[in-house]
Amino acid sequence: MKIQDLILFENDRWLAVNKPSGISSEGFDESIESQTQQYFQPKKLKKGYPKVINRLDRPTSGIILLAKKKQALRLFQKEFADRKVEKHYLAIVEDNPPPLPKADTLMHGHNRTNDRRKAIITPDIQDYQVMAKLWYRELAAIPHFRIYQIRLFTGRFHQIRAQFAFLQRPVRNDILYGAEQETDEPIIGLHAWKLVCTDPQDDKPITLIAPIPKHTLWPTLWQGSRQIDKFKPQ
């Protein structure tokens with residue numbers, strides 16, 4: 001894997017990359033953050049930069065932003081904290097009866113297990129929980145699965161994975177949340193597909209789109225594409 005092949009956008013303050021599944025966002029020698037720092041090392045950025053702005057779970061693919069400068073990191077973190085960034089995902093989930101509405105908003109209570117490894121979803125928000133909210137629409141139905149576009153309104157731990165598992169529709173190959181195991185690879189059918197934000201330096205709107213993974217978990221027709229509106233069920 002070459003970082004330069006994953007870059008979706010770059011300027012002198014920050015960049016966006018399309019993180020492959022199975023790679024950590026940060027914290028490890030082979031993480032996206034560490035590999036990006038090694039790639040930019042000859043350019044003499046401040047030590048520890050580029051630094052990850054938003055994170056994805058290891059088995060999730062898609063858009064990650066990295067700051068080249070401290071000011072960009074601070075301003076983007078505030079933009080995410082203020083929920084001014086639109087985050088859209090694609091998810092391929094197991095298709096179990098009864099059918100879900102073609103489009104809907106899901107709101108649940110969210111908590112974590114004592115070991116912090118999994119999310120707990122409840123139908124009602126209680127005093128010790130926070131709200132998990134997302135919107136989805138169905139894009140396609142294929143044998144045994146359905147594919148959804150999802151917009152996150154809250155960025156809770158394992159939110160998409162846990163909310164759909166709560167509805168008995170785990171994300172494909174997400175064995176942590178009860179999906180059937182199809183591959184030993186640390187990959188699930190969840191992709192951070194589109195991110196709409198404002199460049200904090202000049203307030204210009206930016207839309208980033210990451211190509212869909214080239215992996216057997218995804219329909220062949222979709223793999224490598226950035227578009228979703230032209231696809232039909234296979």
Just to be sure before I move on: is Leu90 hydrophobic (A, V, I, L, M, F, W, C), closer than 21 Å to Leu176 by Cα and at pLDDT 95 or above in the structure I sent?
yes
Look at Arg137 and say whether it is within 18 Å of the chain's Cα centre (by Cα) and closer than 18 Å to Leu190 by Cα.
yes
Of Ala81, Ala72, the only residue that is buried (at least 17 other Cβ atoms within 10 Å of the Cβ), among the small types (Gly, Ala, Ser) and closer than 27 Å to Gln35 by Cβ is Ala72
Scan of the range 156-192 for residues that are assigned to a loop (DSSP other than H, G, I, E, B) and surrounded by fewer than 18 Cβ atoms within 10 Å (Cβ to Cβ), ordered by number
Phe157, Leu167, Gln168, Gly178, Glu180, Gln181, Glu182, Thr183, Asp184, Glu185, Pro186
Kindly indicate the residue of the range 15-62 that is under 17 Å from Leu73 (Cα atoms) and among the hydroxyl-bearing types (Ser, Thr, Tyr) and also surrounded by the fewest Cβ atoms within 10 Å (Cβ to Cβ) among those meeting that condition.
Ser34
Residues to consider are Asp229, Asp203; find the one that is farther than 25 Å from Ile53 by Cα, surrounded by fewer than 21 Cβ atoms within 10 Å (Cβ to Cβ), over 17 Å from the mean Cα position of the chain (by Cα) and among the acidic types (Asp, Glu).
Asp229
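Here is a yes/no grid of residues against (1) under 20 Å from the mean Cα position of the chain (by Cα); (2) at positive phi:
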site	(1), (2)
Gln77	yes, no
Phe80	yes, no
Arg83	yes, yes
Asp95	no, no
Pro98	no, no
Pro101	no, no
Asn111	yes, no
Arg116	yes, yes
Ala119	yes, no
Does Ile63 qualify as being under 17 Å from Ile150 (Cβ atoms) and out of contact with any Ser or Thr (no Cβ under 8 Å at 6 or more places or on another chain)?
yes
All but one of (1) more than 30 Å from Gln201 (Cβ to Cβ); (2) of a type outside the set (A, V, I, L, M); (3) surrounded by 13 or more Cβ atoms within 10 Å (Cβ to Cβ) hold for Asn114, so report the exception by its number.
(3)
May I ask you to verify whether Asn96 is surrounded by 13 or more Cβ atoms within 10 Å (Cβ to Cβ), at pLDDT below 95 and not charged (D, E, K, R)?
yes
Please tell me if Glu182 is under 15 Å from Ala91 (Cα atoms) and charged (D, E, K, R).
no
Inspect the range 119-139 for any residue being in contact (Cβ under 8 Å) with a residue 40 or more places away in the chain and touching a helix residue (DSSP H, G or I) at 6+ places or on another chain (Cβ under 7 Å) and give the result as yes or no.
yes
Just one of the numbered conditions (1) in contact with a helix residue (DSSP H, G or I) (Cβ under 9 Å, 6 or more places away or on another chain); (2) at pLDDT 95 or above is not true of Leu195; which one?
(1)
What's the total number of residues in the range 202-219 that are under 30 Å from Glu94 (Cβ atoms) and assigned to a loop (DSSP other than H, G, I, E, B)?
10
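The values are calculated or read from the model by the stated rules, or taken from the named source; none is laboratory data. These figures come from a predicted structure and were not determined experimentally. In this analysis, Cβ positions are derived from the backbone assuming ideal geometry, glycine residues included, and neighbour counts consider all displayed protein chains.
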